[in-house]
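Enquirer: Before we start, here is the structure in question, set down as structure tokens.
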Amino acid sequence: MTYDALRRGRISQHGRCYSVTTVAYHRTPWFLDLACARAAIRELRGTTHLFGAGTLAWVLMPDHLHWLLSIEGDAKLTDVLRRFKSRSARAVNGVLRRTGPIWQRAYYDHALRREEDLRFAARYLIGNPLRAGLVTEAGGYPHWDAVWVTSQGPEV
């Protein structure tokens, strides 16, 4: 099945929350590099503000991103993801002094339906570094944030 076939029939709904996973090109662990991770995080935050989408939680793993966001206003999920990938690729490539893709073209999204689903999804995605063996305690991973946490990590 092609990427376009996967996207066919998908729509963004105002006020709907989505859990999105997008993977680095060839699963390259770009984000083990602190400067690359921070560049991508700056663009994630900037893209959210640009489109008026609401970020509820995210975790940037070495080779992929989990993002829990709400679609607000006239924003469309595809536009938010396209803009984030474009801007973050430009920023990460600048850090690495290279050109070329940073993200795979496709992404996985799942629309969430109830308030309980939001907290469950946030806990699950924030637990990814622990399950992957990158840290020994949940709060020990530096590249994550959630609206339910008052402050997290250094300023980007």
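The values are calculated or read from the model by the stated rules, or taken from the named source; none is laboratory data. Note that this is a predicted model, so its numbers are computed, not measured. Here the Cβ positions follow ideal geometry from the backbone for every residue, glycine too, while neighbour counts run over all protein chains shown. Remember, those area values only see protein heavy atoms, side chains included, never the ligands or the DNA or RNA. Shrake-Rupley method; radii C 1.70, N 1.55, O 1.52, S 1.80 Å.
Enquirer: Quick test for you: out of Ala91, Ala75, pick the one residue that is hydrophobic (A, V, I, L, M, F, W, C), over 14 Å from the mean Cα position of the chain (by Cα) and in a loop (DSSP other than H, G, I, E, B).
Expert: Sole residue among the options that is hydrophobic (A, V, I, L, M, F, W, C), over 14 Å from the mean Cα position of the chain (by Cα) and in a loop (DSSP other than H, G, I, E, B): Ala75.
Enquirer: Residues that are more than 17 Å from Gly46 (Cβ to Cβ), modelled with pLDDT of 95 or more and open to solvent by 30 Å² or more (accessible area, probe 1.4 Å): does the range 82-95 have at least one?
Expert: Scanning the range 82-95 turns up no residue that is more than 17 Å from Gly46 (Cβ to Cβ), modelled with pLDDT of 95 or more and open to solvent by 30 Å² or more (accessible area, probe 1.4 Å).
Enquirer: Restricting to the range 27-63, name every residue that is on the phi < 0 side of the Ramachandran plot and assigned to a loop (DSSP other than H, G, I, E, B).
Expert: The answer is Thr28, Pro29, Asp33, Ala53, Met61, Pro62, Asp63.
Enquirer: Out of (1) modelled with pLDDT of 95 or more; (2) surrounded by fewer than 18 Cβ atoms within 10 Å (Cβ to Cβ), what's the single condition that is false for Glu116?
Expert: (1)
Enquirer: Filter the range 138-156 down to residues that are farther than 19 Å from Leu118 by Cα and modelled with pLDDT of 90 or more and give me whichever is surrounded by the most Cβ atoms within 10 Å (Cβ to Cβ).
Expert: His143
Enquirer: When the range 33-78 is examined, which residues are found to be over 22 Å from Ala132 (Cβ atoms), open to solvent by 50 Å² or more (accessible area, probe 1.4 Å) and not β-branched (Val, Ile, Thr)?
Expert: Arg42, Arg45, His49, Leu50, Phe51, Glu72, Asp74, Lys76
Enquirer: On the given criteria, is Lys85 within 15 Å of Tyr25 (Cα to Cα) and basic (Lys, Arg)?
Expert: Numbers: within 15 Å of Tyr25 (Cα to Cα): yes; basic (Lys, Arg): yes.
Yes; evaluated as a whole, the condition is true for this residue.
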